[in-house]
Amino acid sequence: MNASKKCPHCGQWSRWSQNPTDRCEHCQGILDPVAVARQQAREERRQEEEERYSLKFIEINPDDHWFIRFFKRIGLGFQIAFVSIISFFLWLIALLAG
Ligand SMILES: [Zn+2]
């Protein structure tokens, strides 16, 4: 379905396929800057959430000194224990709430 939209930049009517990324035929300006901004904000929020919930585990590099590897392994053990406890509590909360 083809629609037309008045370009907010040059004021001319342009063909518009209702895509937020459609550009004006006359000045190449984005026809729906609000939708584009909204989409970008949504995308950024999604990325932030992904970063917040993704846990970064310590990486053990085989080239590290045995001493460094030893401490990294202890750190990793603590991380895994911590994550397990958190998951257990989340599961418990879900169980009690249900
Ligand atoms: Zn235009």
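The values are calculated or read from the model by the stated rules, or taken from the named source; none is laboratory data. Source: prediction; values computed, not measured. Reconstructed Cβ throughout: ideal geometry from the backbone, glycine too, with neighbour counts over all protein chains shown. Just the protein is used for accessible areas: all its heavy atoms, side chains included, with ligands, DNA and RNA removed. Shrake-Rupley method; radii C 1.70, N 1.55, O 1.52, S 1.80 Å.
Annotations for the structure displayed:
- Summed over the range 1-41, the residues that are in contact (Cβ under 8 Å) with a residue 24 or more places away in the chain and away from the ligand (no atom under 11 Å from the Cβ) give a count of 2.
- Some residue of the range 7-30 being outside any helix (DSSP H, G or I), of a type in the set (Lys, Arg) and touching a strand residue (DSSP E or B) at 6+ places or on another chain (Cβ under 7 Å): yes
- Residue in the range 31-55 that is most open to solvent (accessible area, probe 1.4 Å), counting only those that are of a type in the set (S, T, N, Q) and part of a helix (DSSP H, G or I): GLN40
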